[in-house]
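First comes the structure, then the notes that go with it.
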Amino acid sequence: MSDLGTPRLLLHAMTSADAEHVVAGAPAAGVRWAPGEQGAAARFLATCAERGDPTPFGSYEIRLRADGVVIGGIGFHGAPDERGGVTIGYGLVESVRGQGYASEALRALLRFAREQGVARVLGDADAGNLASQHVMTAAGMRLVGEDASLRFYAVEWAA
């Protein structure tokens, strides 16, 4: 599968081999990471083991177009459900937050989801995580509910 591009970013579809390198803390030859998290790669490997490779509805590395450095991850929590809905998640390493990268990546992922025939994309953020809430709003998602700990966002498209 080819990378999804934006003006500043490339979203690289993660393979099992990519995820294993991330979890092991040993980048593959030629791959550079900004210091950060390994949780998304571990979840991706668990999904592959439990349900098979979810590509194209898996995880993507967020890479800077300028130098290829991996600055975070974004992706789907699995293939669309029976009503055409998916759930997304994302995260950036702390050193690059606040520069609009998450909104840019999320807009690209939403556009891709729509091109794949997805009807609804869901996401959530901790009630106190105003930055993540802003990311989803900036990408075109709207607040659809909340509880004591989470705020829930969605975007829907007509068939």
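The values are calculated or read from the model by the stated rules, or taken from the named source; none is laboratory data. Keep in mind that this is a model prediction, so the values were computed, not measured. Every residue, glycine as well, gets a Cβ built from its backbone with ideal geometry; the counts of neighbours run over all protein chains shown. The accessibility values were calculated without ligands, DNA or RNA, using every heavy atom of the protein model including side chains. Shrake-Rupley method; radii C 1.70, N 1.55, O 1.52, S 1.80 Å.
Only one of Arg65, Arg97 is touching a strand residue (DSSP E or B) at 6+ places or on another chain (Cβ under 7 Å) and open to solvent by 30 Å² or more (accessible area, probe 1.4 Å); which? Spell out the reasoning first.
Working: Arg97 fails: touching a strand residue (DSSP E or B) at 6+ places or on another chain (Cβ under 7 Å).
Sole residue among the options that is touching a strand residue (DSSP E or B) at 6+ places or on another chain (Cβ under 7 Å) and open to solvent by 30 Å² or more (accessible area, probe 1.4 Å): Arg65.
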Checklist line | Lone qualifier among Gly85, Gly5, Gly78, Gly73 - being at positive phi and either open to solvent by less than 50 Å² (accessible area, probe 1.4 Å) or touching a helix residue (DSSP H, G or I) at 6+ places or on another chain (Cβ under 8 Å) (or both) | finding: Gly78
Margin query: Quick test for you: out of Ala131, Ala148, pick the one residue that is surrounded by fewer than 17 Cβ atoms within 10 Å (Cβ to Cβ), among the aliphatic types (A, V, I, L, M) and part of a loop (DSSP other than H, G, I, E, B).
Written below: Ala148
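Rundown of residues vs (1) under 27 Å from Ala29 (Cβ atoms); (2) under 14 Å from the mean Cα position of the chain (by Cα); (3) at pLDDT 95 or above, yes/no style:
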{"position": "Pro54", "(1), (2), (3)": "yes, yes, no"}
{"position": "Tyr60", "(1), (2), (3)": "yes, yes, no"}
{"position": "Gly72", "(1), (2), (3)": "yes, yes, no"}
{"position": "Arg97", "(1), (2), (3)": "no, no, no"}
{"position": "Glu104", "(1), (2), (3)": "no, yes, yes"}
{"position": "Arg107", "(1), (2), (3)": "no, yes, yes"}
{"position": "Val121", "(1), (2), (3)": "no, yes, yes"}
{"position": "Ala127", "(1), (2), (3)": "no, no, yes"}
